[in-house]
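Take a look at the structure set out below.
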Amino acid sequence: MNTKAYFGKFGGQFVPETAMSALIELENAYESIAKTKAFRKELKNLLKTYVGRPTPLYHAKRLSEHYGHEIYLKREDLNHTGAHKLNNALAQALLAKKMGKKKIMAETGAGQHGLATATAAALLGLECDVYMGACDAKRQALNVYKMKLLGANVVEIEDGLKTLKEATTAAIQAWVNEIETRFYVIGSAVGPHPYPKMVKDFQSVIGKEAKKQLKKIKAKADFVIACVGGGSNATGIFSAFLDDKNTKLIGVEAAGLGVDTPYHAATLTKGMDGIIHGMKTIVLQDQYGMILPVHSISAGLDYPGVGPEHAYLKDIKRVQYYAVTDDECINALKRLSELEGIIPAIESSHALAYLEKLCPNLKGKKTIIVNVSGRGDKDMDTVINYKKGTIYG
Ligand SMILES: *Cc1c(COP(=O)(O)O)cnc(C)c1O
């Protein structure tokens, strides 16, 4: 057993034999190329000059006044393409290029990871295939158009429900068939080893910056809050604070219409140990182990699994995980827009919504960091048409 593949009992490599050689090749390349000084220097320069890092740690004065605590926002929404996703997609694409791969590929649901991958491919001069369910492609026509404009080939999948699950299956198939020439860019801290550890590494820039920025203003974080879909923005910011015993870490999942209804995506709140997409983790499943359908207003949090590190951090009680509803999320989005002039993504609004539950119960003035993982431009239709009780697929 490859013990490096695990976080406690979670993680591993639960893939068909045909994919194992590619995972071993990737792990070797990650260790021998991506950890070198030269690679880090090149990546850092691209993050600075192309992505726009470091992102600010912004003291939200009016939000702080509103809650009676010192609230700081880590502004991942200010990255190029509008979210944290490019940090990882760009790093993986750079690794692919150094490995001599000609083509990168990705699967995408709402299109955000596809867009980040297509952007990185254009920047580095790589071919790019993005797998997308035909139904999702229709709903996300603007993102499909953007990806095509960036030179990517969007492969629409007509199987089953024509959504992310079918797109992922098709993408894995295509990857295994052309494993010599393709590099599979995974968009969150999920999948078989080494992806969860590699994505954590590539997103840890968020936490490193935040810690440095806090030090500069001589502040210490009492709480760090982030939303959790697959868990990449959360692990990215948490990673720098895991050893700080006085810093409480909080992950926020999507409760959809409520965790006591069938319409949610609260994996860590309601799931059980299981296997999904090549990893052992916590999974939303029925009594027979069949993956349950998930529901959330936010496509980025709409996932029936979660990265294995989060399953582990919950197990050892280092991170507390909670869930907030679609309604609480929309209220939080409006609150930040009105109080700070920042329209956050609906994913990030889940993290912001948790302030409502946390702040009234705290004694003394606390310093709280919220990771604003992305901007809300992509969500305006959803917000305008929002009605309480809507079931999102
Ligand atoms: C994709 C996405 C997420 C969820 O993904 P994680 O891997 O859990 O971070 C959160 N916020 C935004 C803005 C996203 O685009």
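If you keep only loop residues by DSSP, which GluC sites (Glu not before Pro) in the stretch 142-239 have at most 13 other Cβ atoms within 10 Å of their Cβ?
Values: sites: E156, E158, E166, E178, E180, E209; in loops: E158, E178, E180.
Here the sparse-neighbourhood loop sites are E158, E178, E180.
In whole angstrom, how far apart do the alpha carbon centroids of the stretch 219-256 and the stretch 75-116 sit?
Their Cα centres are 22 Å away from one another.
Quick one: dipole size for the stretch 261-393, taken about the Cα centre, charges +1 on Lys/Arg Cβ and -1 on Asp/Glu Cβ, in debye to the nearest 20. Working shown, then result.
Numbers: 15 positive and 15 negative charges, 114 e Å.
In total the dipole reaches around 540 debye.
So if each residue of separation counts as 0.36 nm, and I subtract the Cα-Cα distance between K4 and L161, what length gain in nm does that give? All intermediate terms of the calculation are to be shown ahead of the outcome.
Numbers: separation 157, 0.36 × 157 = 56.52 nm, distance 3.57 nm.
In short, 52.9 nm is gained.
Find which of F10, G376, Q203 sits farthest along the positive direction of the dipole of the chain, computed with +1 on the beta-carbon of Lys and Arg, -1 on that of Asp and Glu, about the Cα centre.
Q203
R0 = 35 Å: FRET efficiency of K138 with K103, Cβ-based, nearest 0.05?
Values: r = 25 Å, r/R0 = 0.72.
It comes out at approximately 0.90.
Give, rounded to the nearest 20 debye, the magnitude of the charge dipole that the chain has about its Cα centre when Lys and Arg contribute +1 at Cβ and Asp and Glu contribute -1 at Cβ.
Computed charge dipole of the chain: roughly 1880 debye.
Could you tell me the ratio Rg/Rh of the stretch 130-193? Both radii from Cα atoms, Rh via Kirkwood. Could you put the intermediate results ahead of the total?
Details: Rg = 12.2 Å, Rh = 12.5 Å.
Here Rg/Rh amounts to 0.97.
How long is the gain from E127 to E356 if the chain were fully straight, where each residue apart is worth 0.36 nm and the alpha carbon distance is subtracted?
Result: 78.0 nm gained on full extension.
By how many degrees, between 0 and 90 and to the nearest 10, does the Cα long axis of helix 17-29 differ from the longest principal axis of the chain?
Its long axis makes an angle of about 70 degrees.
Taking the Cα centre of each part, how many Å lie between the stretch 1-37 and the stretch 182-202?
9
Can you put Y184, Y145 in order of accessible area, largest first, using a 1.4 Å probe?
Largest to smallest exposure gives the sequence Y145, Y184.
Take the Cβ-Cβ distance between E178 and T261 as r, set R0 to 45 Å, and report the resulting FRET efficiency rounded to the nearest 0.05.
0.60
With every protein chain kept in place and ligands, DNA and RNA left out, what is the accessible area per residue of the chain? Probe 1.4 Å, answer in Å².
44
Provide the net charge surrounding D159, with neighbours chosen by a C-beta distance below 11 Å and charges set as Lys +1, Arg +1, Asp -1, Glu -1. The partial results should precede the final answer.
Working: positive: K162, K165; negative: E156, E158, E166.
That sum, taken over residues with Cβ under 11 Å, equals -1.
What is the spin-label model distance, in nm, from K37 to K365 if the labels are put 7 Å beyond Cα along the C-beta direction?
Result: 4.4 nm between the two label points.
In what sequence, largest accessible area first, do D77, D159 appear using a 1.4 Å probe?
Descending accessible area places them as D159, D77.
In terms of solvent-accessible area of protein heavy atoms at a 1.4 angstrom probe, what is the ranking of R318, R139, R40, highest value first?
On the way: R318 50, R139 145, R40 75 Å².
If we order R318, R139, R40 from most to least accessible, we get R139, R40, R318.
Could you tell me whether the chain comes out rounded, prolate or oblate from its Cα gyration tensor? Rule is a ≥ b ≥ c as square roots of the eigenvalues, rounded for a/c under 1.5, then prolate if a/b exceeds b/c, otherwise oblate.
Rounded shape, in that the Cα axes give a/c under 1.5.
Which percent, to the nearest 5, of DSSP beta bridges fully inside the stretch 1-155 are antiparallel? Before the final figure, lay out each step's value.
On the way: 5 of 13 bridges.
Of those bridges, close to 40 percent are antiparallel.
Take the alpha carbon gyration tensor of the stretch 86-178, find the square roots of its eigenvalues, order them as a ≥ b ≥ c, and report rounded if a/c is under 1.5; if not, report prolate when a/b exceeds b/c, else oblate.
Taking the square roots of the gyration eigenvalues as a ≥ b ≥ c, the stretch 86-178 is oblate.
Of A170, L142, Y67, which is farthest on the positive side of the dipole of the stretch 49-197, counting Cα position, with +1 on Lys and Arg Cβ, -1 on Asp and Glu Cβ, and the Cα centre as origin?
In the stretch 49-197, that residue is Y67.
Please give the peptides 311-317, 299-305 ranked by average Cβ packing (other Cβ atoms within 10 Å per residue), highest first, as a rough proxy for protection.
The densest-packed peptide leads the list: 299-305, 311-317.
With label points built 7 Å along Cα→Cβ from the Cα atoms of T49 and K334, find their separation and express it in nm.
Taking the simple label geometry, T49 and K334 are separated by 4.5 nm.
Take each of the peptides 5-11, 380-386, 355-361, 52-58, average the number of other beta-carbon atoms within 10 Å over its residues, and list them starting from the highest.
5-11, 52-58, 355-361, 380-386
Tell me, what is the percent relative contact order of the stretch 69-143, built from C-alpha pairs under 8 Å that lie six or more residues apart?
28
Taking the simple approach of a point 7 Å from Cα along Cα-to-Cβ for both R318 and D381, what is their distance in nm?
Placing both labels 7 Å along Cα→Cβ, they lie 4.0 nm apart.
Over the stretch 302-393, calculate the relative contact order: mean separation of alpha carbon pairs under 8 Å at least 6 apart, over the residue count, as a percent.
Value for the stretch 302-393: 25 percent.
Could you compute the net charge surrounding Y195? Neighbours are other residues with a C-beta less than 12 Å from the C-beta of Y195; K and R count +1, D and E count -1.
Around Y195, the charge tally is -1.
Quick one: compute the contact order of the stretch 140-198, relative version, from alpha carbon pairs under 8 angstrom and 6+ residues apart, as a percent.
Relative contact order, the stretch 140-198: 14 percent.
Considering only the chain, what is the antiparallel percent among its DSSP beta bridges, to the nearest 5?
30
Using only the alpha-carbon atoms, how far is helix 326-340 inclined from the longest principal axis of the chain? Give it as 0 to 90 degrees, nearest 10.
The helix 326-340 is inclined about 70 degrees to the chain.
Quick one: net charge of S32's neighbours, Cβ under 12 Å, K/R +1, D/E -1?
With Lys, Arg at +1 and Asp, Glu at -1, the net is -1.
With θ set to phi - 60°, apply the Karplus curve 6.51 cos²θ - 1.76 cosθ + 1.60 along the stretch 219-234 and write out the HN-Hα couplings as whole Hz, x wherever there is a Gly or Pro.
10, 10, 7, 7, 9, 10, 10, 8, 7, 10, x, x, x, 7, 5, 5
The values are calculated or read from the model by the stated rules, or taken from the named source; none is laboratory data. Predicted model only: the values in this text are computed from it and were never measured. Glycine also receives a Cβ, built like all others from the backbone with ideal geometry; neighbour counts cover every protein chain displayed. The protein model used for the area step is the full one, side chains on, heavy atoms only, and it has no ligands, DNA or RNA in it. Shrake-Rupley method; radii C 1.70, N 1.55, O 1.52, S 1.80 Å.
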